[in-house]
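The values are calculated or read from the model by the stated rules, or taken from the named source; none is laboratory data. Just so you know, these numbers come straight off a predicted model, no measurement behind them. Note that we place each Cβ from the backbone using ideal geometry, even for glycine, and neighbour counts take in every protein chain shown.
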Amino acid sequence: MKKFRCPVCGYKGLTRRPYDYSMRGSDEICNCCGTQHQFTRSTAALEQQRATWMIKGNPIFKSSLYPAHYMDEHGQITKTQLIRQFNAIGMNAEICLEDVLMISSP
Ligand SMILES: [Zn+2]
């Protein structure tokens, strides 16, 4: 079955294309970051969603449906896998993390 990549976390686990060409969502929830791809979204909204997920420490939304070999012993996404996912959507994980730290610092 063809899988689609989440534009928020980069995990390729969606069964439907998350957004159509007018950015209307499929309603599907990503098992990795938990984003429900609903309504009409903008790129800025997706970036905000990604920042929120990173501030929380990248929790895996549904670990029972996420590949075990991408998780560490605490059930967290491994850094290697996070970097891989971010690279796949053209994001630099290190830069994203720096941005998040800037946003979240007072
Ligand atoms: Zn996701």
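The set of residues from region 28-39 being near the ligand (Cβ under 9 Å from one of its atoms) and not small (Gly, Ala, Ser) comprises Ile29, Cys30, Asn31, Cys32, Cys33, Thr35, His37. Going by what's in this entry, would Gln85 be described as free of Cβ contacts under 8 Å to residues at least 12 places away in the same chain, polar (S, T, N, Q) and out of contact with any Ser or Thr (no Cβ under 7 Å at 6 or more places or on another chain)? No: the conditions fail for Gln85. For region 17-27, state whether one or more residues are surrounded by 14 or more Cβ atoms within 10 Å (Cβ to Cβ), closer than 21 Å to Glu94 by Cβ and either within 13 Å of the ligand (Cβ to nearest atom) or among the polar types (S, T, N, Q) (or both). No, region 17-27 contains no residue that is surrounded by 14 or more Cβ atoms within 10 Å (Cβ to Cβ), closer than 21 Å to Glu94 by Cβ and either within 13 Å of the ligand (Cβ to nearest atom) or among the polar types (S, T, N, Q) (or both). Among the residues of this structure, Lys79 does not count as one that is within 14 Å of the ligand (Cβ to nearest atom) and exposed (fewer than 14 other Cβ atoms within 10 Å of the Cβ).
Yes/no per residue for (1) at pLDDT below 95; (2) surrounded by 11 or more Cβ atoms within 10 Å (Cβ to Cβ); (3) charged (D, E, K, R); (4) touching a strand residue (DSSP E or B) at 6+ places or on another chain (Cβ under 9 Å):
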| residue | (1), (2), (3), (4) |
| --- | --- |
| Phe4 | no, yes, no, yes |
| Gly10 | no, yes, no, no |
| Asn58 | yes, yes, no, yes |
| Tyr70 | no, yes, no, yes |
| Arg84 | yes, yes, yes, no |
| Asn87 | yes, yes, no, no |
| Gly90 | yes, no, no, no |
| Ala93 | yes, yes, no, no |
